[in-house]
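J.: First the structure, which I've put down as structure tokens, then a few questions once you've had a look.
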Amino acid sequence: MIQIRVHDESELYNSFDPMQERISDDVYRYLKSYCTGLRSHEHSMDAIRIISDEAVDADHFSTCVRNAARRDCEEFDGQISRNNRLAVWEYLMGILLSIAGVALSVALDQVLLALISFLGTMALREAITISVKINPDIRRLRKLLDPLFAFKLDVVSAEEYNEKRLQ
């Protein structure tokens, strides 16, 4: 269980958002810190407890956390899409330059052929790096946010919490 201690509900939301639709960056960063592999073993992310001096709208906070995680996931998905487009472009350029290198090897001098082949190889290497390393890393980061979509929220008054701790 992860616990958050606040004095009032407004501390959970971005201070510049009068509608309190966006979770505070500090609160969200704190919650995301428990999504890493190492921290997730220390603390179960299945429940979040808010300890507050005043009442907190649990449903609204849960929605805001899920919306923040959804925005991060959409950003990761967008980056993966951009990377995939770049990889396709790199594959195309690599293949075309490699074919051009082979085709021109008959007619042109060897320096130009080596340069064309080198550029083709570099483009292919970049495309493979995107496909094999970068996109899987982004997918792994996206998967770490999964606990923020399925958690139970428990709101406890500060007095009640202090009484339980003293017992």
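Values in this text are rule-based calculations from the coordinates and carry no lab data. As the structure is a computational prediction, the values presented were derived from the model and not from experiment. Using ideal geometry, Cβ is built from the backbone for each residue, glycine included, and neighbour counts are taken over all protein chains shown.
J.: Under 24 Å Cα-Cα from K32, which lysines qualify once same-chain neighbours fewer than 8 residues away are excluded?
T.: Straight-line reach from K32, under 24 Å: K133, K143, K152.
J.: Quick one: which residues, 5 or more positions from I50 or on another chain, have an amide H under 5 Å from its amide H? H modelled 1.01 Å from N in the peptide plane, none for Pro or chain starts.
T.: Close amide H contacts, sequence-distant or interchain: I4, D154, V155, V156.
J.: Another question, then. Treating only the Cβ atoms of Lys and Arg (+1) and Asp and Glu (-1) as charged, compute the dipole magnitude of the chain about its Cα centre; round to the nearest 20 debye.
T.: Around 1000 debye, computed over the chain.
J.: Taking H as built 1.01 Å from N, whose amide H comes closer than 5 Å to the amide H of D17, not counting residues under 5 places away?
T.: The list, which skips near neighbours in sequence, is empty: none.
J.: Hey, what do the phi angles of the range 67-82 turn into as Karplus ³J(HN,Hα) couplings, whole Hz, using 6.51/-1.76/1.60 and θ = phi - 60°, x for Gly and Pro?
T.: 5, 5, 5, 4, 4, 5, 4, 5, 5, 4, 4, x, 5, 4, 4, 4
J.: Sticking with this structure for a sec: If I model a spin label at D25 and L166 as a point 7 Å from the Cα along the Cα→Cβ vector, what separation in nanometres do I get?
T.: Calculated label separation equals 3.9 nm.
J.: Go through [x] 25.2, 89; [y] 17.9, 66; [z] 17.2, 63 and flag the label whose value is the computed Rg and Dmax of the Cα atoms in Å for this structure.
T.: The value computed from this structure is option [x].
J.: If you count the DSSP beta bridges with both ends in the chain, what percent of them are antiparallel, to the nearest 5?
T.: Percentage antiparallel, nearest 5: 10.
J.: I134 to V156: extension gain in nm, 0.36 nm per residue of separation minus the Cα-Cα distance?
T.: 3.7 nm
J.: May I pose another question? First measure r as the distance between the Cβ atoms of S33 and A103, then evaluate 1/(1 + (r/R0)^6) with R0 = 41 Å and state the FRET efficiency to the nearest 0.05.
T.: Once the sixth-power term is evaluated, E becomes 0.15.
J.: Expressed as an acute angle from 0 to 90° and rounded to the nearest 10, what is the orientation of the C-alpha long axis of helix 135-144 relative to the principal long axis of the chain?
T.: 10 degrees
J.: Still on this structure, I have one more. Just A103, A123, A69 to compare: in a GNM of the chain, with alpha carbon springs under 10 Å, which one fluctuates most?
T.: Checking each option, the largest mean-square fluctuation is seen for A103.
J.: Sticking with this structure for a sec: I'd like the Karplus ³J(HN,Hα) series for the range 117-131: coefficients 6.51, -1.76, 1.60, θ = phi - 60°, whole numbers in Hz, and an x wherever there's a Gly or Pro.
T.: Whole-Hz 3J(HN,Hα) from phi for the range 117-131: 5, 4, 4, x, 5, 5, 5, 5, 4, 5, 4, 5, 4, 4, 5.
J.: If I model a spin label as a point 7 Å beyond the Cα along the Cα-Cβ vector, how far apart are those points for R66 and D146 in nm?
T.: 1.7 nm
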